[in-house]
């Protein structure tokens, strides 16, 4: 779910658009935009505090075959939430291996590239401090 929520909406739409024989579904909860409170902890172990609010879109659907899928994405993209929920439901069925190869693997590769590019940019600005021994002791 994290992979689908963090993916580029246009790339996700393109990959799902290539799939054939997508099943019909019924809405359990149509895509809706709302807000959630984001909480944080200092150092990961301190007392929790309210960091701020974030806009999210969520939905839930049921495939003809009975699988239920849920989608939560940051922002207001109802189509991306729908596609995430559809993928969630489809991954519970017999097409999971196909979807892993044709949709999830390319999304994961794209996100890995973004992370590595960001890490390389940060590494380029790294400064190593050292102390020279002056020999006056």
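Every read-out reported here was derived from the displayed coordinates using simple, explicitly stated rules and does not represent laboratory data. As the structure is a computational prediction, the values presented were derived from the model and not from experiment. Quick reminder, even Gly has a Cβ in these numbers, built from the backbone with ideal geometry, and neighbours come from all protein chains shown.
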**OP:** Only residues of the stretch 43-86 count here: report those whose backbone N is under 17 Å from the spot 7 Å along Cα→Cβ of residue 9, or say none.
**Re:** 54-60, 71-86
**OP:** Using per-residue counts of other Cβ atoms within 10 Å, averaged over each peptide, order 19-25, 31-37, 89-95 from highest down.
**Re:** 89-95, 31-37, 19-25
**OP:** Please determine, in degrees from 0 to 90 and to the nearest 10, the orientation of helix 78-90 with respect to the longest principal axis defined by the Cα atoms of the chain, where the helix direction is its Cα long axis.
**Re:** 80
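If we sort 109-115, 79-85 on the protection proxy, mean other Cβ atoms within 10 Å, highest first, what's the order? Walk me through the intermediate numbers first.
Details: 109-115: 12.0, 79-85: 23.7.
For the peptides 109-115, 79-85, the packing ranking is 79-85, 109-115.
Given Cα pairs under 8 Å that are at least 6 residues apart, what percent is the relative contact order of the chain?
On the way: 191 pairs, mean separation 31.3, N = 137.
Normalised by residue count, the contact order of the chain is 23 percent.
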Original post:
Roughly how tilted is helix 105-124, in degrees to the nearest 10 and between 0 and 90, from the longest Cα axis of the chain?
Top reply: 20
Original post:
At residue 32 and residue 19, where each label point lies 7 Å from the Cα along Cα→Cβ, what is the point-to-point distance in nanometres?
Top reply: 2.5
**OP:** Distance from a point 7 Å along Cα→Cβ of residue 95 to each backbone N in the stretch 14-39: keep the residues under 15 Å and list them by number.
**Re:** 14-26
Original post:
At what distance in nm do the modelled label points of residue 39 and residue 130 sit from each other, each positioned 7 Å from its Cα along Cα→Cβ?
Top reply: 4.6
**OP:** Could you tell me whether the stretch 61-110 comes out rounded, prolate or oblate from its Cα gyration tensor? Rule is a ≥ b ≥ c as square roots of the eigenvalues, rounded for a/c under 1.5, then prolate if a/b exceeds b/c, otherwise oblate.
**Re:** oblate
